[in-house]
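Have a look at the structure below before the remarks.
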There are 4 protein chains.
Amino acid sequence: MIKVGIVGGTGYTGVELLRLLAGHPEVSLEIITSRSEKGMPVAELFPNLRGHIDLAFTEPDIDLLANCDLVFFATPHTVAMALVPELIKRGTRVIDLSADFRLQDVAVWEQWYNTPHTCPELIAQAVYGLPEVNRASIKTAQLIAVPGCYPTATQLGFLPLLENKVIEPMHLIADTKSGVSGAGRKAAIGTLLTEASENMKAYAVAGHRHLPEIEQGLALAAQQSVDLTFVPHLTPMIRGIHATLYGRLTQDVDLQALFEQRYADEPFVDILPAGSHPETRSVRGANICRIAVHQPRDGDTVVILSAIDNLVKGASGQAIQNMNIMFGFDETTAINHIATLP
Amino acid sequence: MIKVGIVGGTGYTGVELLRLLAGHPEVSLEIITSRSEKGMPVAELFPNLRGHIDLAFTEPDIDLLANCDLVFFATPHTVAMALVPELIKRGTRVIDLSADFRLQDVAVWEQWYNTPHTCPELIAQAVYGLPEVNRASIKTAQLIAVPGCYPTATQLGFLPLLENKVIEPMHLIADTKSGVSGAGRKAAIGTLLTEASENMKAYAVAGHRHLPEIEQGLALAAQQSVDLTFVPHLTPMIRGIHATLYGRLTQDVDLQALFEQRYADEPFVDILPAGSHPETRSVRGANICRIAVHQPRDGDTVVILSAIDNLVKGASGQAIQNMNIMFGFDETTAINHIATLP
Amino acid sequence: MIKVGIVGGTGYTGVELLRLLAGHPEVSLEIITSRSEKGMPVAELFPNLRGHIDLAFTEPDIDLLANCDLVFFATPHTVAMALVPELIKRGTRVIDLSADFRLQDVAVWEQWYNTPHTCPELIAQAVYGLPEVNRASIKTAQLIAVPGCYPTATQLGFLPLLENKVIEPMHLIADTKSGVSGAGRKAAIGTLLTEASENMKAYAVAGHRHLPEIEQGLALAAQQSVDLTFVPHLTPMIRGIHATLYGRLTQDVDLQALFEQRYADEPFVDILPAGSHPETRSVRGANICRIAVHQPRDGDTVVILSAIDNLVKGASGQAIQNMNIMFGFDETTAINHIATLP
Amino acid sequence: MIKVGIVGGTGYTGVELLRLLAGHPEVSLEIITSRSEKGMPVAELFPNLRGHIDLAFTEPDIDLLANCDLVFFATPHTVAMALVPELIKRGTRVIDLSADFRLQDVAVWEQWYNTPHTCPELIAQAVYGLPEVNRASIKTAQLIAVPGCYPTATQLGFLPLLENKVIEPMHLIADTKSGVSGAGRKAAIGTLLTEASENMKAYAVAGHRHLPEIEQGLALAAQQSVDLTFVPHLTPMIRGIHATLYGRLTQDVDLQALFEQRYADEPFVDILPAGSHPETRSVRGANICRIAVHQPRDGDTVVILSAIDNLVKGASGQAIQNMNIMFGFDETTAINHIATLP
């Protein structure tokens, strides 16, 4: 049994952490912090938790947090980097769901997030928490940077192709569609039901913060620079990411076998039979990435379809998968739910 | 460990039984039948089940079914009544999610379902599977008639008022709103996304099959005849029932206390604090009924708000709750999920 | 051709006024004001208007507004009452879509809106802009208070019953369901797509600001006090109100004929054939109220189903209907659209 | 005033034709046919038309149809080709919204539609009704093949690039997202609200019937063969197509100017300012295609965002635009609606 704290539990990744951790037999949830909601019982803010979580939000207290074995940060960027150094110093392990430690190049981070990084010395030590790539390093990590939602769906789809050098790395396209929960739980006009339902649109075509994160991961896989055209779309649904990925093949290869072999031992990547089309609802609430591989008209363009729940495999579920690896629990503990359908 | 079969697993109550039973430690799922889909792996029809359920659909075979300890019927009406007598004779217990055994008065059943009942002798022996009313009888029942979705939400809301004779029983109103999954998984124009989304409408105001079922239950609670005006509405969402119930008070009473006491020991009825408004999303995927009690302007009209997931507490979850009671398992086993929010 | 100004055009009733007025052959749209968006072209904020409306938002200027023949207020409450007295004094006619002049009893207004009314002297002179009741007074009015959305759907449904004294006025129930656009275009968590879609809930059961407005209108119709239990629900769709109304009959009467006669000459009230169920999508974008009358099991409870588009017949369309009457235009000019279906 | 008939008015393109034609001052709607619904008033099937369309459905009668100046076919494929030859012979002009006359190569048509074409001699004479390409031919055409919805959005987006030879024609990608109304008004499980809402998926990646139609049009524009990777997605909304198009630039060019010039005189193509992202809701119910042009990081990949309403500019609105051109009416008559927003 480990003692766990959550900093910033009022957003969607926070409530999802709570939903999943409530069923974890090895976790004792000790603290959940929120400055704005301090004193409010968690189950009052999130009525789905009534009868399951008795905690109330408290103000962050570094001593109480340091007393935990593990602290999750489910905060906007810049919050984690302010508190993490002290926690690491005191030996508390940290899983950060925000973007603070995802980019290894500080200058790139500072450019995209438009603020100085306050603990660049920790970046090198942070492990990028994509288990399908970094499982060994995750086991011993002190600090995990949980991948973003688009980066998870996109990297898992491109990895087998780039690792095996079967596509041109300088002409990658990711046309990605996200449910509205990707925008978080914050008052805004653009994500009102009245604005975002019955509507489809692209956004941030000129540049999205997940682009450098994805390119970083893909370049590591390809062992060379990559160039990705990344077009995210706001899709009228609550949860789900569907990434449609395009690459130009440089050789003839059995793509289906390539993917099946790459992920043969992965508990949370499901390669669908040839000819399939994954649906986001088949992963809703579940910690899994379902992938299908297509080569239309046997041409030189490969099309990968990759679906995740942005709040689970794209955030909180993956965070717990990291925790399970870090603490030697069965990797699937508490995150082996079946998607609710319909 | 008990052996369980499911007849008719291709509908929404079927896939929901599978989702929930897959997590039940005391259940071995032996058979799932479907004439139309025989031979197809369950996980091909319902991709959420990939990796969790290995069974394929088979044609119903009475010998194989009778070999089970328990058979669920997740079928349209008239299917169960054709097979249940033989199963009961052979000692297999049955939980019927359809309407075949819900009405104690055969003539009423035949009028509303417009067909003769083929085993009226079993009706008297069938137990109406609302645990909050019939827990003791459920324990020893051979045959359970699982309540309908509207009847569950409506009865749980009215019961404390009628049992305690604090409202006029001859002037009850239930204004109910159901998600589209209540109409089942069948090809139809009226429930296409294009027809049912961005739309609200009442239907069947002249008479709905759940009306006699509800009145039967409420009359038992009131120990006298009742008259219910029942207006169902098709609501643009997948899951959820919200019942708004109106009664005219005949005496002054602490309504909040009345409800809290009635359901104090019930694991799956949650009386919200005074002034609350239950949301269907707070019960989505979960086996719970959340209820709030209002008395606007302290007048003589009481307003009860009652929310369930029609496929869980309104169908498959409640069926498993019955099973747990029948077989002496902890009543909450495998149906204690937290609703997924958002 | 009349000169028209709009104060507060950045909300949903504002953009809907623009959509409808753009097609009005007798209207020259001169001014649209918004302090927060001054300088921004209207079509930049509302891209549906590109190519149809060339105006930009400006700061409100009393001289420019007073130069118009008519000014619409599409503002939150308290804005109109600050500007209207001066406009009225200068002879400009005003149609106020907000609540400032809807309640004839100042004390009631101040209680529900929790602020002093700054021009109570204008209240008596304001005409309540429900053409089906006040057409004659509207013709000559200087100041129109456009009814709220719930009040429009609810009053049109109850009027024939109360005017003819066929139901008990002290036991009225209105169970109303509104699309999310009723909450307006403002940043808020509760109406995010992630919070409001796939969800149904009641709200404000203890008291909603439309209640006194509805009771005022119904009391006038009944020529006596009325008591209404009013339960609004937030429904997961953009537009539409469905009001389900319940009354207890005090005499035997041909209800269908009663409604058909009451609205025989009304261009924007459509009494459906007996047995019908109006759908909100059949009025989406259209200035019409569709009503069906039911008497289940020929009992003593009458059920009225009343559907409108909250932004059209419940706000901007009705405002223009008032304008047409005031200025002697054909009453249906520019508001005779067919609902878009699907 | 011309006499117009519609064959097959029970689908979504049929009701949309009715909605739009009802407002056309030069059209007298004489006949609307449906074998399955003969005798039923149109307004009973489509309640939005109550008070606007008095016709009832009748069985198709070639003499009555031939008496019209123009007949629209809003039918599944193979219906038009059975009736059109006789109508053409008798001098009635025809606008076919189905696929029967869209492909100039009969063999390709027969392969994709898997049935013999029964009047191949008419194919050469049919004009492809994309006004932005074929306005002159449309004027005098006897037979128009209205483009499909995906083909309209995709061709309008690629045309300026291919006509000006600024992208590689053999490596085109169209990632397209369609609302569910694209699947038509027919009973089916896959497009139930319960299946298609809260879900995103690609479909028909191996090959979609619109692919040869699009390639035919693009090849004409490019004056050479083209190769398109076409991936359609089913999006959880009623109306709208969003096409995200990718091409590889072969030269440096002012893309924004290229598009603005190409469509400068087009009433129904709107090139948005640089940096924009068109939303499908901004074209909902309106006969317009809104396009934005992006060149991320000034690289060699151009991204075109193209949005239409699949039932208007993608079907019925475009059909009426063709009619207006054919009969010398103002091209925008009856199809100049403003999109309803929100």
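The figures follow:
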quantity: Enumeration of residues in the stretch D:119-132 that are in a loop (DSSP other than H, G, I, E, B) and either open to solvent by 60 Å² or more (accessible area, probe 1.4 Å) or among the polar types (S, T, N, Q) (or both); calculated: D:Ala124, D:Gln125
quantity: Flag for C:Gly23 being touching an Asp or Glu at 6+ places or on another chain (Cβ under 8 Å), crowded, with 16+ Cβ neighbours inside 10 Å and either not assigned by TED's automatic domain parsing to the domain that holds C:Gly184 or not charged (D, E, K, R) (or both); calculated: no
quantity: Some residue of the stretch C:299-320 being under 30 Å from D:Pro236 (Cβ atoms), at pLDDT 95 or above and among the basic types (Lys, Arg); calculated: yes
quantity: Cross-chain or 6+ apart pairs with Cβ under 7 Å, the stretch A:286-309 first and under 23 Å from A:Leu341 (Cα atoms) and at the interface with chain D (Cβ under 10 Å from one of its Cβ atoms), then open to solvent by 20 Å² or more (accessible area, probe 1.4 Å) and assigned to a loop (DSSP other than H, G, I, E, B); calculated: A:Ala292/A:Ser276; A:Ala292/A:His277; A:Leu305/A:His277
quantity: Close pairs (9 angstrom Cβ cut-off, 6 or more residues apart or separate chains): away from chain C (no Cβ under 14 Å) in the stretch D:320-342, among the charged types (D, E, K, R) and assigned to a loop (DSSP other than H, G, I, E, B) anywhere; calculated: D:Gln321/D:Glu331; D:Asn324/D:Glu26; D:Asn324/D:Asp330; D:Asn324/D:Glu331; D:Ile325/D:Glu331; D:Phe327/D:Glu26; D:Phe327/D:Asp69; D:Phe329/D:Glu26
quantity: Matching residues, the stretch B:296-336, being in a loop (DSSP other than H, G, I, E, B) and surrounded by 24 or more Cβ atoms within 10 Å (Cβ to Cβ); calculated: B:Asp309, B:Asn310, B:Leu311, B:Ile335
quantity: Conditions (1) more than 15 Å from the chain's Cα centre (by Cα); (2) closer than 30 Å to B:Gln104 by Cα; (3) more than 14 Å from chain A (Cβ to nearest Cβ); (4) open to solvent by less than 30 Å² (accessible area, probe 1.4 Å); number of the one not met by B:Tyr203; calculated: (4)
quantity: Hits in the stretch D:41-60 (condition: among the aliphatic types (A, V, I, L, M) and farther than 18 Å from D:Tyr12 by Cβ); calculated: D:Ala56
quantity: Breaking point among (1) within 14 Å of another protein chain (Cβ to nearest Cβ); (2) under 30 Å from D:Ala257 (Cα atoms); (3) not hydroxyl-bearing (Ser, Thr, Tyr), for D:Pro151; calculated: (1)
quantity: Pair list, Cβ under 6 Å, 6 or more apart: the stretch C:199-211 residue among the charged types (D, E, K, R), other residue open to solvent by 10 Å² or more (accessible area, probe 1.4 Å); calculated: C:Lys201/B:His277; C:Lys201/B:Glu279; C:Lys201/C:Leu234; C:Arg209/C:Trp112
quantity: Residue list for the stretch B:300-318, restricted to those being among the charged types (D, E, K, R) and within 19 Å of B:Ala183 (Cβ to Cβ); calculated: B:Asp309, B:Lys313
quantity: The stretch C:181-190: number of residues that are crowded, with 24+ Cβ neighbours inside 10 Å and facing another protein chain (nearest Cβ under 7 Å); calculated: 1
quantity: Extreme residue, nearest to the chain's Cα centre (by Cα), among residues of the stretch A:250-295 that are open to solvent by 30 Å² or more (accessible area, probe 1.4 Å) and among the hydrophobic types (A, V, I, L, M, F, W, C); calculated: A:Ala264
quantity: Scan of the stretch D:123-147 for residues that are out of contact with any Asp or Glu (no Cβ under 9 Å at 6 or more places or on another chain) and hydrophobic (A, V, I, L, M, F, W, C), ordered by number; calculated: D:Ala124, D:Val127, D:Leu130, D:Val133, D:Ala136, D:Ile138, D:Ala141
quantity: B:Val15 open to solvent by less than 20 Å² (accessible area, probe 1.4 Å) and assigned to a helix (DSSP H, G or I); calculated: yes
quantity: Which numbered condition D:Gly275 fails, given (1) closer than 28 Å to D:Ser197 by Cβ; (2) within 14 Å of chain C (Cβ to nearest Cβ); calculated: (1)
quantity: Given (1) open to solvent by less than 10 Å² (accessible area, probe 1.4 Å); (2) under 16 Å from A:Gly247 (Cα atoms); (3) basic (Lys, Arg), number of the condition A:Lys165 does not satisfy; calculated: (1)
quantity: Residue within the stretch B:208-224 that is open to solvent by 20 Å² or more (accessible area, probe 1.4 Å) and within 14 Å of chain A (Cβ to nearest Cβ) present; calculated: no
quantity: Verdict on B:Ser178 being hydroxyl-bearing (Ser, Thr, Tyr), touching a residue at least 24 places away in the same chain (Cβ under 8 Å) and either touching a helix residue (DSSP H, G or I) at 6+ places or on another chain (Cβ under 6 Å) or open to solvent by 30 Å² or more (accessible area, probe 1.4 Å) (or both); calculated: no
quantity: Filter result for the condition that a residue is within 30 Å of A:Ser197 (Cβ to Cβ) and not basic (Lys, Arg), over B:Ala219, B:Ala188; calculated: B:Ala188
quantity: Only listed residue being free of Cβ contacts under 8 Å to residues at least 24 places away in the same chain, over 13 Å from the mean Cα position of the chain (by Cα), within 27 Å of D:Ala219 (Cα to Cα) and not assigned by TED's automatic domain parsing to the domain that holds D:Phe259, chosen from D:Ala141, D:Ala107, D:Ala80; calculated: D:Ala107
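The values are calculated or read from the model by the stated rules, or taken from the named source; none is laboratory data. From a predicted model like this one, the values you see are computed outputs, not experimental measurements. Reconstructed Cβ throughout: ideal geometry from the backbone, glycine too, with neighbour counts over all protein chains shown. Quick note on the areas: whole protein, heavy atoms, side chains included, nothing else; ligands and nucleic acids left out. Shrake-Rupley method; radii C 1.70, N 1.55, O 1.52, S 1.80 Å.
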